[in-house]
Amino acid sequence: MERGTVGSANRGRLRVAVRTEGQSEIVTPAGELDHHTAELLREPLDHALEAGRTRLVIDCSALEFCDSTGLNVLLGARLKAEAAGGGVHLAGMQPVVARVFEITGAEAVFTVHESLDDALDE
């Protein structure tokens with residue numbers, strides 16, 4: 001499932017791909033995750049959780065930017081996943097995105113992996 005952006009002003013800023021591999025729902029946001037595009041990530045995360053997929057792996061390798069709204073989407077998904085007995089795993093964060101998680105302390109509440117392969121091997 002490939003998701004585009006909402007509204008012509010945001011076209012191309014964020015794309016989200018979703019696939020299932022084993023027990024994991026792999027969600028790959030590519031581009032800029034901010035208050036204009038956050039809903040594009042929230043929707044597939046909520047859909048996965050509603051479908052009973054509680055091990056969410058966010059492949060951040062193509063994520064170029066993440067603001068506080070994007071961070072809140074991920075934190076919300078984490079709370080829902082953990083309440084259902086699962087969790088959210090972040091993989092392959094670029095330095096600029098990793099810095100946001102470091103500065104806010106959010107890296108302490110997520111399971112962070114160097115790569116997608118590492119996240120899937122766990």
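Only a single criterion out of (1) within 13 Å of the chain's Cα centre (by Cα); (2) closer than 18 Å to ALA17 by Cα; (3) aliphatic (A, V, I, L, M) is not satisfied by LEU120, namely (1).
Looking only at the stretch 48-68, count every residue that is surrounded by fewer than 17 Cβ atoms within 10 Å (Cβ to Cβ) and either over 13 Å from the mean Cα position of the chain (by Cα) or of a type in the set (Ser, Thr, Tyr) (or both) and tell me the total. Spell out the reasoning first.
Step one: of the stretch 48-68, the residues surrounded by fewer than 17 Cβ atoms within 10 Å (Cβ to Cβ) are 50-52, 61-62, 64-65, 67-68.
Now drop any that are not either over 13 Å from the mean Cα position of the chain (by Cα) or of a type in the set (Ser, Thr, Tyr) (or both), which leaves 50-52, 61, 68.
Count: 5.
Could you list all residues from the stretch 35-45 that are touching a Lys or Arg at 6+ places or on another chain (Cβ under 8 Å), open to solvent by 10 Å² or more (accessible area, probe 1.4 Å) and not hydrophobic (A, V, I, L, M, F, W, C)? Of everything in the stretch 35-45, those that are touching a Lys or Arg at 6+ places or on another chain (Cβ under 8 Å), open to solvent by 10 Å² or more (accessible area, probe 1.4 Å) and not hydrophobic (A, V, I, L, M, F, W, C) turn out to be HIS36, GLU43. Of the residues making up the stretch 69-92, those that are within 21 Å of ARG15 (Cβ to Cβ) and open to solvent by less than 40 Å² (accessible area, probe 1.4 Å) are GLY70, LEU71, VAL73, LEU74, GLY76, ALA77, VAL88, HIS89, LEU90, ALA91, GLY92. Based on what the data block shows, is GLU114 surrounded by 15 or more Cβ atoms within 10 Å (Cβ to Cβ) and of a type outside the set (A, V, I, L, M, F, W, C)? So GLU114 fails the test. Only one entry of VAL16, VAL27 meets the criterion of being over 23 Å from GLU102 (Cα atoms), open to solvent by less than 10 Å² (accessible area, probe 1.4 Å) and either aliphatic (A, V, I, L, M) or in a loop (DSSP other than H, G, I, E, B) (or both), and that entry is VAL16.
The values are calculated or read from the model by the stated rules, or taken from the named source; none is laboratory data. Fair warning: this is a prediction, and the values are worked out from it, not measured in the lab. Please note: Cβ atoms are built from the backbone with ideal geometry, for glycine as well, and neighbour counts cover all protein chains shown. Quick note on the areas: whole protein, heavy atoms, side chains included, nothing else; ligands and nucleic acids left out. Shrake-Rupley method; radii C 1.70, N 1.55, O 1.52, S 1.80 Å.
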